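The values are calculated or read from the model by the stated rules, or taken from the named source; none is laboratory data. None of these values were measured; they are calculated from a predicted model. Every residue, glycine among them, receives a Cβ derived from its backbone with ideal geometry; neighbour counts consider all protein chains shown.
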Amino acid sequence: MTESKKPSEPDTGELMHFPCELDIKVFSKTEVNLEERIESMLMVNLPKEQILEITAKFSNKGKYRSLSCKVIAKSKDQIDQVYADLGKYPEVIMLL
């Protein structure tokens, strides 16, 4: 019996293929209107249709908040710029 193999794609060393869905996690201390501020910042680098969803969760004691931002990324440069801009916010403690 012979196995038919599909030609493999060349290995470019890239871990992501674009466009792709990406979850960006933003951790901060609790602040009013953080979702709107983060969405406004995201729209600097992403058209509104590439921002799929933003959800928030509070820590058990309510001192911290995490936002999950589901977006469609079109390139690595776009992702890098989003993370760089989010990192400029003093309220942001950590990004994933």
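For beta carbons closer than 8 Å, sequence separation of 6+ or different chains, a first residue in segment 78-96 that is free of Cβ contacts under 8 Å to residues at least 40 places away in the same chain and a second that is surrounded by 13 or more Cβ atoms within 10 Å (Cβ to Cβ) and not in a helix (DSSP H, G or I), the qualifying pairs are 78/46; 87/95.
The set of residues in segment 46-96 being farther than 23 Å from residue 16 by Cβ and not basic (Lys, Arg) consists of 56, 58, 59, 60, 62, 64, 89, 90, 91, 93.
Kindly check whether there is at least one residue in segment 3-14 that is at pLDDT 90 or above, surrounded by fewer than 16 Cβ atoms within 10 Å (Cβ to Cβ) and either out of contact with any strand residue (DSSP E or B) (no Cβ under 9 Å at 6 or more places or on another chain) or not polar (S, T, N, Q) (or both). The answer is no, given that none of the residues of segment 3-14 is at pLDDT 90 or above, surrounded by fewer than 16 Cβ atoms within 10 Å (Cβ to Cβ) and either out of contact with any strand residue (DSSP E or B) (no Cβ under 9 Å at 6 or more places or on another chain) or not polar (S, T, N, Q) (or both). For segment 38-55, a residue qualifies if it is surrounded by fewer than 15 Cβ atoms within 10 Å (Cβ to Cβ) and not small (Gly, Ala, Ser), and the qualifying residues are 43, 44, 47, 48, 49, 52, 53, 55. Surrounded by 12 or more Cβ atoms within 10 Å (Cβ to Cβ) and not in a helix (DSSP H, G or I): is that true of residue 61 in this structure? No.
If I filter segment 57-75 down to residues being modelled with pLDDT of 95 or more and among the basic types (Lys, Arg), which single residue comes out as nearest to the chain's Cα centre (by Cα)? If we take residues in segment 57-75 being modelled with pLDDT of 95 or more and among the basic types (Lys, Arg), then 70 is nearest to the chain's Cα centre (by Cα).
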